[in-house]
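Written below as structure tokens is the structure these notes are about.
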């Protein structure tokens, strides 16, 4: 058995394990593993904390986005109401302006009509007076005719105007 390679390999292995144990290598390996485990746990805790913060930020940004959307909708609705009010106001002003211009035009037409009627009456009176004067001159002669013609012309003018 002392000549067997397996025996000496077993003896070498046992001596190696005793040497490693005597030097404290298993404690160092276990310490290193414990340190690594602690570091990994702290990294996981930090990752969980960062994830929670990211979710909180996401929720806050979503809330702000919804607020901004509702505010934008309110602004659009207010702009629509203001535009409708301005359109209604402009339409009322336009209607009022058209009514005023129509009334002014009708007044001008009535005034022109009245003036035309007055001019026609005046010309008719002048023509009637001239015609009456011409007829009276032909039928009447002398001073009586002149006096009567003057009175008649005055009366006709007064009555026609």
- Item | Extension gain (nm, one decimal) between residue 10 and residue 157, 0.36 nm per residue minus Cα-Cα | 36.7 nm
- Task: Based solely on C-alpha atoms, express the radius of gyration and the Dmax of segment 1-136 in angstrom.
- Result: 56.2, 186
- Item | Cα-projected label distance for residue 59 with residue 109, points at 7 Å along beta-carbon direction, nm | 7.5 nm
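Any read-out appearing in this document is the output of simple, stated calculations on the displayed coordinates, not a laboratory observation. As the structure is a computational prediction, the values presented were derived from the model and not from experiment. As a convention, Cβ positions derive from the backbone with ideal geometry for all residues, glycine included, and neighbour counts pool all protein chains shown.
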